[in-house]
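Notes to accompany the following structure.
What follows is calculated from the coordinates using simple rules that are stated; it is not laboratory data. Note that the coordinates shown come from a computational prediction; the quantities given were computed from them, not determined experimentally. A quick note on method: Cβ atoms are made from the backbone with ideal geometry, for glycine too, and the neighbour counts reach across all protein chains shown.
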There are 2 protein chains.
Amino acid sequence: MATAARGPATDSPASLAENLCWLLARASQSLTIELTAALAEAGLSPRHHCVLSTAMTGEYTQTALAQAVGLDKTTMVVTIDELEAAGLAERRPAAGDRRARVIGVTKAGVKKVAESRAIVARTQAQILSSLPAHERAPFVDALTRLIGRESV
Amino acid sequence: MATAARGPATDSPASLAENLCWLLARASQSLTIELTAALAEAGLSPRHHCVLSTAMTGEYTQTALAQAVGLDKTTMVVTIDELEAAGLAERRPAAGDRRARVIGVTKAGVKKVAESRAIVARTQAQILSSLPAHERAPFVDALTRLIGRESV
DNA sequence: TATTGTTATACTCTATAACTATA
DNA sequence: TATAGTTATAGAGTATAACAATA
């Protein structure tokens, strides 16, 4: 079974197209596992990192932040709870709306993001190293366009 | 980029590399939702389709099938249960091992796969249409290499 | 009436452990 | 002792609905 364990031995001509969704799911899963393990050394999950790192780039309310990273607002509540408990982020009153909270990043959070970004960069470099250099940008580009597709 | 709602307005140079895992997760999620909706008209989930479609390509025991499509053996039990209840697949005794079961596809299953493959092909064509034709094969290729990376 | 954030709840997918019957 | 399949269970991640405070 030298090849049997590698993947489905599809013999139909439709196999390539048929596998797109499956390929994405597998790639996403294995990379997430890898990144989760790498980020654990900073005590963050990929979602923590993504939210915290994004929060640093502007003044986001919780809802705006949720939309920005593609999370449900209820998931965002839990995520912010955890980041706040860790002292990395905090809910600040929004300027013009007493309902809304702006998510601020604390000093400790800023330091943590620097740390986690280094980890992420290292991990992704490892991952992308399996692609020829000239294919990397087009690949990421194609992915981006695939995501932008439906929301346009 | 006046589109704050489109994605994180990252201002760091690391944004591209930083988003790889996130991009894959988003792409996988949105495509899975789309494919799930499309396949619902055939009464199948993407996982059902993938397992059934793969089972047709050879003589797989449950465990072999699980490895082939990247599912846990316990998930495979449930999947086969459902496919069997729907009359699309069946557990047959394996030739040389009384512990193992070969997953066979029934006549109804074969017809169903033809139907679901058409749906999948149509859906993927739609999805890939957002990429220039000459980028599609390299993109799928890159994805495949990314997955093959760790198991090698 | 609509929206922000919250809580509670449920559902899917996946992972872990223990069991059986074979090998 | 190890393996194929099963069962039960637990854990993520996400989604839905209802609520309070505010707009």
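Find the residue count for the stretch B:79-96, including only residues that are within 7 Å of DNA strand D (Cβ to nearest atom) and free of Cβ contacts under 8 Å to residues at least 12 places away in the same chain.
1
Please go through the stretch A:41-61 and give me each residue that is within 13 Å of DNA strand D (Cβ to nearest atom) and within 21 Å of A:G96 (Cβ to Cβ), ordered by number.
The answer is A:T61, and nothing else.
State yes or no: is A:G148 part of a loop (DSSP other than H, G, I, E, B) and out of contact with any strand residue (DSSP E or B) (no Cβ under 6 Å at 6 or more places or on another chain)?
So A:G148 fails the test.
Checking the structure you have, find out if any residue of the stretch B:37-48 is of a type in the set (S, T, Y) and more than 14 Å from DNA strand C (Cβ to nearest atom).
no
Would you point out the residue of the stretch A:126-152, among those that are closer than 11 Å to B:A142 by Cα and charged (D, E, K, R), that is farthest from the other protein chains (Cβ to nearest Cβ)?
So, considering only residues that are closer than 11 Å to B:A142 by Cα and charged (D, E, K, R), the one farthest from the other protein chains (Cβ to nearest Cβ) is A:R136.
If you take the residues in the stretch B:63-78 that are within 11 Å of DNA strand D (Cβ to nearest atom), within 14 Å of chain A (Cβ to nearest Cβ) and assigned to a helix (DSSP H, G or I), which one is surrounded by the fewest Cβ atoms within 10 Å (Cβ to Cβ)?
B:K73
Identify all residues within the stretch B:87-113 that are closer than 12 Å to B:V51 by Cα and of a type in the set (A, V, I, L, M); write none if there are none.
B:L88, B:A89, B:I103, B:V105, B:V113
Looking only at the stretch B:49-61, how many residues end up being without any contact (Cβ under 8 Å) to a residue 60 or more places away in the chain and either acidic (D, E) or within 13 Å of DNA strand C (Cβ to nearest atom) (or both)?
4
In the stretch A:88-107, how many are within 21 Å of the chain's Cα centre (by Cα) and either more than 18 Å from A:K73 (Cα to Cα) or more than 10 Å from DNA strand C (Cβ to nearest atom) (or both)?
Here the count works out to 6.
Filter the stretch B:95-125 down to residues that are more than 9 Å from every other protein chain (Cβ to nearest Cβ) and polar (S, T, N, Q) and give me whichever is surrounded by the most Cβ atoms within 10 Å (Cβ to Cβ).
Within the stretch B:95-125, the match that is surrounded by the most Cβ atoms within 10 Å (Cβ to Cβ) is B:S116.
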